[in-house]
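Okay, structure first, notes after.
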There are 2 protein chains.
Amino acid sequence: MNYFTRKKVKDILSGQVEDMSNITVLGWVRTKRVSKNIAFIEINDGSTLENLQIVILNPEEFEVLSDINTGSSLKVVGYLDEIKGREQSVEMKAEKIEIVGDCPSDYELQKKRHSFEYLREIAHLRPRTNTFGVVNRFRSKMSYAVHKFFQERGFNYIHTPIITANDTEGAGEIFRVSNFDLENLPLTDKGEVDYSQDFFGEETGLTVSGQLEAEVLASALGDVYTFGPTFRAENSNTARHVAEFWMIEPEMAFCNLEENMQVIEDFLKYLFKYALEECKEEMAFFNKWIADDNRVEKLEELIESDFDRVSYTDAIEILIEAEQDFEYDVEWGIDLQTEHERYLTEKHFKKPVMVTDYPREIKAFYMRLNDDGKTVRAVDCLVPGIGEIVGGSQREERYDLLVKMMEEDNMELDQYDWFLDLRKYGTVPHSGFGLGFERILMYISGINNIRDIIAFPRTPGNAKF
Amino acid sequence: MNYFTRKKVKDILSGQVEDMSNITVLGWVRTKRVSKNIAFIEINDGSTLENLQIVILNPEEFEVLSDINTGSSLKVVGYLDEIKGREQSVEMKAEKIEIVGDCPSDYELQKKRHSFEYLREIAHLRPRTNTFGVVNRFRSKMSYAVHKFFQERGFNYIHTPIITANDTEGAGEIFRVSNFDLENLPLTDKGEVDYSQDFFGEETGLTVSGQLEAEVLASALGDVYTFGPTFRAENSNTARHVAEFWMIEPEMAFCNLEENMQVIEDFLKYLFKYALEECKEEMAFFNKWIADDNRVEKLEELIESDFDRVSYTDAIEILIEAEQDFEYDVEWGIDLQTEHERYLTEKHFKKPVMVTDYPREIKAFYMRLNDDGKTVRAVDCLVPGIGEIVGGSQREERYDLLVKMMEEDNMELDQYDWFLDLRKYGTVPHSGFGLGFERILMYISGINNIRDIIAFPRTPGNAKF
């Protein structure tokens with residue numbers, strides 16, 4: 001099938017193919033134009049956004065031409081020819097064309113444009129469009145960037161469990177995982193569902209965060225990170241919510257909140273820089289067709305800026321004094337809404353800002369209590385155009401205080417004995433944060449619906465494909 | 001907390017620290033020996049297997065010494081000193097020692113050795129042992145190797161859905177995912193569970209394979225790979241089964257079975273080589289303490305060997321003629337058992353061998369039918385010491401034949417309309433394979449229980465941590 005000997009379009013167009021003759025290309029037809037003396041086929045093989053132009057100098061000798069449609073898969077043999085004064089430097093003169101797979105005319109991806117809404121319905125075909133080809137290649141490259149950043153800094157990639165009996169965030173929006181036959185549930189003597197008879201012998205669900213397990217591994221390996229799927233059974237039909245998404249959660253031993261913030265800033269800037277330098281084609285596409293501002297310029301500005309820092313308490317003061325009407329009233333103790341976050345980063349600081357030391361009541365049980373007894377060492381990183389993009393904290397490493405906070409939150413200590421053990425045996429200050437992978441991809445690209453940045457989105461009522 | 005300014009033990013011991021004075025080290029105590037005129041502390045910070053030796057020349061001036069136990073976390077400031085004629089080239093003379101976190105004497109990881117069985121019970125502490133520190137760092141490095149191999153070859157990393165309504169392998173061992181309150185199941189008029197009222201509006205479960213979705217993306221991007229969690233609700237308590245594990249599934253457009261086998265061979269050799277070259281410390285450890293043979297030598301042999309190829313039909317002949325009694329009788333049509341696989345690769349071929357073209361009846365519906373009408377283009381790669389390590393196939397790209405096979409298997413065609421569309425619109429020959437990540441790590445390391453190669457294993461009755 002010439003899998004190894006064919007040339008990829010990306011390599012051809014970027015001048016990496018030296019011998020210009022006897023070239024085989026394998027790909028899908030994007031357009032075909034046939035006239036009496038010449039014919040052109042644009043072919044795409046998924047390696048790059050660009051198509052390779054195939055030129056047929058003697059169309060009458062290629063009977064196959066009439067059977068070729070948009071979407072057909074082809075094997076083309078020929079030679080490369082330099083062309084001057086055009087955007088592309090190379091085209092291919094066809095010597096042999098073979099149809100690998102037909103494409104009937106009811107193929108939905110003809111040349112006309114489709115709405116993103118419609119393309120979601122045909123998520124199995126949309127990766128063949130320009131936009132979703134770019135999105136998928138971008139996602140792949142940026143995934144690699146995540147690994148590169150951490151691996152080059154000595155972090156260990158860890159796989160935390162997907163099926164778990166914990167609820168890290170205590171939010172309760174957990175999908176149940178079970179091996180029960182629902183038509184035949186085993187019951188206890190009291191008539192309640194007998195979870196001891198389920199596969200794991202207890203109630204289990206899909207993880208909402210790998211953090212607690214990451215703390216275990218950071219307490220042994222020092223620096224670790226997760227990069228895996230995470231779940232929320234949240235009945236939200238918004239452009240920012242899906243039930244299944246990928247999260248990155250670094251956890252660092254011997255690291256306090258200030259140092260954590262530095263890692264957050266370094267990491268975000270690394271991702272921005274990687275996008276600009278290693279995803280040039282994708283960024284040019286987003287800039288031209290997707291984003292409603294100049295993303296390239298914006299990212300360049302962010303890379304040059306020093307992220308600001310402000311305490312939650314000071315941020316509340318700023319918001320109270322702001323000459324802007326907010327939908328949600330501002331007073332100390334509230335959880336910041338997106339409108340507040342955006343005011344802070346866009347209007348007041350005019351750059352990314354880390355808000356720290358939130359009220360204990362609105363944050364998770366594991367965050368380190370400050371000496372004031374009412375705030376915790378949390379940080380949210382806010383960026384212009386979106387608001388919160390990263391949430392993190394220094395963790396409570398003091399056994400007695402952690403137990404106290406868990407008791408106040410009515411948590412079952414028994415179930416977290418292993419988590420508490422980390423504070424019993426050689427406890428260390430440690431910190432970490434979480435970054436939603438789709439969220440950062442949306443931010444960099446300007447794609448504004450999360451359903452368009454993940455190949456097969458899971459939302460209420462939708463588990464197709 | 002000196003997170004950025006401290007030196008990691010790995011860098012110190014590998015000579016990457018230039019200025020030998022005013023060094024800060026953060027880590028956990030492995031052992032302490034105190035005598036009148038000198039004291040020694042071995043400290044480990046998780047960056048490497050090796051400990052750094054801390055030397056205290058004037059123990060009487062360090063009151064803190066008496067409170068330091070195995071497991072305590074410390075901050076040590078001092079200077080580095082070269083030592084000659086010893087395995088390690090550097091030790092640290094302490095100027096200041098601070099206990100960061102105490103460790104009471106009921107800490108279970110004292111110097112004595114624990115069985116792997118016992119350590120599984122304390123999976124939250126075992127990463128602190130030599131063996132599990134090595135295992136976790138090895139897993140991280142090998143994960144990166146997986147990405148490197150594919151990214152350097154132009155493959156796109158894809159995230160296929162975890163929650164799905166499909167059952168790729170048709171094996172039925174699927175965990176159910178639901179948002180139902182089991183004490184209060186909604187029923188239809190007929191008294192059956194009303195799945196239309198569940199979160200996704202239909203029955204859903206945890207994926208057993210990302211292959212079908214990978215085929216979608218390969219049909220647009222060319223070369224793709226998954227690397228993510230996969231699930232089996234299989235009630236097996238063996239050393240090779242867990243309910244949740246990580247799989248690598250590459251899928252290549254325009255690729256036939258022979259080419260697929262070449263990718264499999266290249267990939268396995270790349271991983272073996274990466275382990276030998278980039279995980280020297282880990283491989284030396286496995287070789288000395290874990291494997292019951294010389295893994296380093298074995299891997300070197302595998303890298304040099306050309307993997308053999310044999311058809312299933314010929315393999316059956318070989319087994320029938322073998323001068324060995326098998327527990328399971330051999331005849332054409334059987335699924336090969338591990339004893340058969342190991343005979344072929346260890347005794348007959350004496351090297352890795354790819355067995356191809358299995359009977360259609362014992363393989364999945366999507367494999368490409370051969371012209372004989374009774375075998376399919378499947379391949380299993382067998383390696384000495386284990387048997388099957390990779391399973392793959394060329395996929396059936398012909399619409400009519402695929403429909404016929406799905407009908408024969410009584411599958412609901414409606415649910416797979418999107419999968420069939422790939423064969424309708426510009427179909428291409430394509431192939432792929434699956435490699436269990438834990439399986440290959442076990443093979444390379446010699447670790448012989450899968451529960452010891454994954455940080456928090458999920459098995460029947462066990463979802464702790």
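Consider segment B:393-428 and keep the residues that are touching a Leu at 6+ places or on another chain (Cβ under 9 Å), of a type in the set (Lys, Arg) and in contact (Cβ under 8 Å) with a residue 12 or more places away in the chain. The one that is surrounded by the fewest Cβ atoms within 10 Å (Cβ to Cβ) is B:Arg398.
Can you tell me how many residues within segment A:438-465 are within 14 Å of chain B (Cβ to nearest Cβ) and of a type in the set (S, T, N, Q)? So the answer is 2. Hey, can you tell me all the residues within segment B:73-87 that are surrounded by fewer than 18 Cβ atoms within 10 Å (Cβ to Cβ) and in a strand (DSSP E or B)? Matches in segment B:73-87: B:Val77, B:Tyr79, B:Asp81, B:Glu82.
Each residue in segment B:274-296 was checked for being under 25 Å from B:Glu339 (Cβ atoms) and either aliphatic (A, V, I, L, M) or surrounded by fewer than 16 Cβ atoms within 10 Å (Cβ to Cβ) (or both), and 5 of them qualify.
What about A:Thr207, is it more than 7 Å from chain B (Cβ to nearest Cβ) and over 27 Å from A:Arg423 (Cα atoms)? In short, no.
Filtering segment B:1-59 to residues that are under 28 Å from the mean Cα position of the chain (by Cα), away from chain A (no Cβ under 11 Å) and among the charged types (D, E, K, R) leaves only B:Glu50. Can B:Phe199 be described as assigned by the TED database to the domain that holds B:Gly432, modelled with pLDDT of 95 or more, out of contact with any Gly (no Cβ under 7 Å at 6 or more places or on another chain) and of a type outside the set (Asp, Glu)? Against the criterion (assigned by the TED database to the domain that holds B:Gly432, modelled with pLDDT of 95 or more, out of contact with any Gly (no Cβ under 7 Å at 6 or more places or on another chain) and of a type outside the set (Asp, Glu)), B:Phe199 does not qualify.
Every condition in (1) at the interface with another protein chain (Cβ under 8 Å from one of its Cβ atoms); (2) in contact with a helix residue (DSSP H, G or I) (Cβ under 6 Å, 6 or more places away or on another chain) holds for B:Glu192 except the one numbered (2). I'd like to check something: does segment A:198-211 contain any residue that is surrounded by fewer than 14 Cβ atoms within 10 Å (Cβ to Cβ) and free of Cβ contacts under 8 Å to residues at least 60 places away in the same chain? Within segment A:198-211, not a single residue is surrounded by fewer than 14 Cβ atoms within 10 Å (Cβ to Cβ) and free of Cβ contacts under 8 Å to residues at least 60 places away in the same chain.
Looking at this structure, is B:Ala145 in a helix (DSSP H, G or I), touching a Gly at 6+ places or on another chain (Cβ under 7 Å), more than 7 Å from chain A (Cβ to nearest Cβ) and touching a residue at least 40 places away in the same chain (Cβ under 8 Å)? Judged against the criteria, B:Ala145 is not a match. Yes or no: B:Ser431 at pLDDT 95 or above, touching a helix residue (DSSP H, G or I) at 6+ places or on another chain (Cβ under 6 Å) and surrounded by 18 or more Cβ atoms within 10 Å (Cβ to Cβ)? Criteria met by B:Ser431. The strands (runs of 3 or more DSSP E) located wholly in segment A:363-465 include none with 1 or more residues which are not assigned by the TED database to the domain that holds A:Phe254. Regarding segment A:88-107, can at least one residue be identified that is in a loop (DSSP other than H, G, I, E, B), farther than 30 Å from A:Phe267 by Cβ and away from chain B (no Cβ under 11 Å)? The answer is yes; a qualifying residue exists. In segment A:235-260, of all residues being within 11 Å of chain B (Cβ to nearest Cβ), more than 23 Å from B:Phe231 (Cα to Cα) and out of contact with any Gly (no Cβ under 7 Å at 6 or more places or on another chain), the one that is surrounded by the most Cβ atoms within 10 Å (Cβ to Cβ) corresponds to A:Cys255. Checked against (1) in contact with a helix residue (DSSP H, G or I) (Cβ under 6 Å, 6 or more places away or on another chain); (2) assigned to a helix (DSSP H, G or I); (3) buried (at least 24 other Cβ atoms within 10 Å of the Cβ), A:Val224 passes all but condition (2). Being more than 9 Å from every other protein chain (Cβ to nearest Cβ) and of a type outside the set (Phe, Trp, Tyr) is a property that A:Asn130 has.
Among the residues in segment B:286-293, are any in contact (Cβ under 8 Å) with a residue 40 or more places away in the chain and in contact with a Pro (Cβ under 8 Å, 6 or more places away or on another chain)? Scanning segment B:286-293 turns up no residue that is in contact (Cβ under 8 Å) with a residue 40 or more places away in the chain and in contact with a Pro (Cβ under 8 Å, 6 or more places away or on another chain).
A:Gly222 meets the conditions (1) over 22 Å from B:Gly210 (Cα atoms); (2) modelled with pLDDT under 95 in every case but one. The failed one is (2).
The values are calculated or read from the model by the stated rules, or taken from the named source; none is laboratory data. Owing to the predicted nature of the structure, the values given are computational and were not obtained by experimental measurement. Methodologically, a virtual Cβ is constructed for each residue, glycine included, from the backbone with ideal geometry; neighbour enumeration extends over all protein chains shown.
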